[in-house]
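First comes the structure, then the notes that go with it.
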Amino acid sequence: MTQQQYLVENISCGHCTNTIETELNEMNEVQSVNADKDSKLVTVTLADNANLDAVDALLEEIGFPGVRQ
């Protein structure tokens, strides 16, 4: 299991966090997601063989690009 945090500057509300969590949870490699609107951090727990570039790409695609922390 691997954990990665992303700083996502354009999180502004609960709808944003819900969208991020819903979309990332649909990825097979993702085990859990927690998006926090106050800290603007998204914490993703992934399988060890997960491709972080795929997570980066999905965040970009759904309009919430993140910077790995």
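For segment 37-69, name all the residues that are under 11 Å from the mean Cα position of the chain (by Cα), farther than 19 Å from T2 by Cα and in contact (Cβ under 8 Å) with a residue 12 or more places away in the chain.
Within segment 37-69, the subset under 11 Å from the mean Cα position of the chain (by Cα) is 40-46, 52, 54-60, 62, 64-68.
Next cut, farther than 19 Å from T2 by Cα only: 40, 60, 62, 64-65.
Answer for segment 37-69, where residues must be under 11 Å from the mean Cα position of the chain (by Cα), farther than 19 Å from T2 by Cα and in contact (Cβ under 8 Å) with a residue 12 or more places away in the chain: K40, I62, F64, P65.
Taking every residue in segment 7-31 that is modelled with pLDDT of 95 or more and among the aliphatic types (A, V, I, L, M) and pairing it with any residue that is surrounded by fewer than 17 Cβ atoms within 10 Å (Cβ to Cβ) and in a loop (DSSP other than H, G, I, E, B), at least 6 positions away or on another chain, the pairs with Cβ-Cβ distances below 6 Å are L7/Q69; I11/K37. Is there a residue in segment 10-29 that is exposed (fewer than 12 other Cβ atoms within 10 Å of the Cβ), in contact with a Gly (Cβ under 9 Å, 6 or more places away or on another chain) and part of a helix (DSSP H, G or I)? So far as segment 10-29 goes, no, none of its residues is exposed (fewer than 12 other Cβ atoms within 10 Å of the Cβ), in contact with a Gly (Cβ under 9 Å, 6 or more places away or on another chain) and part of a helix (DSSP H, G or I).
Please indicate, with yes or no, whether at least one residue in segment 13-23 is under 11 Å from the mean Cα position of the chain (by Cα), at negative phi and charged (D, E, K, R). Scanning segment 13-23 turns up at least one residue that is under 11 Å from the mean Cα position of the chain (by Cα), at negative phi and charged (D, E, K, R).
Mind listing whichever residues of segment 30-45 are charged (D, E, K, R) and surrounded by 17 or more Cβ atoms within 10 Å (Cβ to Cβ)?
Filtering segment 30-45 down to residues charged (D, E, K, R) leaves 36-38, 40.
Passing the criteria: only K40.
Restricting to segment 46-56, count the residues that are surrounded by 15 or more Cβ atoms within 10 Å (Cβ to Cβ) and either outside any helix (DSSP H, G or I) or charged (D, E, K, R) (or both). Number of matching residues: 3.
The values are calculated or read from the model by the stated rules, or taken from the named source; none is laboratory data. This is a predicted model, so every value here is computed, not measured. As a convention, Cβ positions derive from the backbone with ideal geometry for all residues, glycine included, and neighbour counts pool all protein chains shown.
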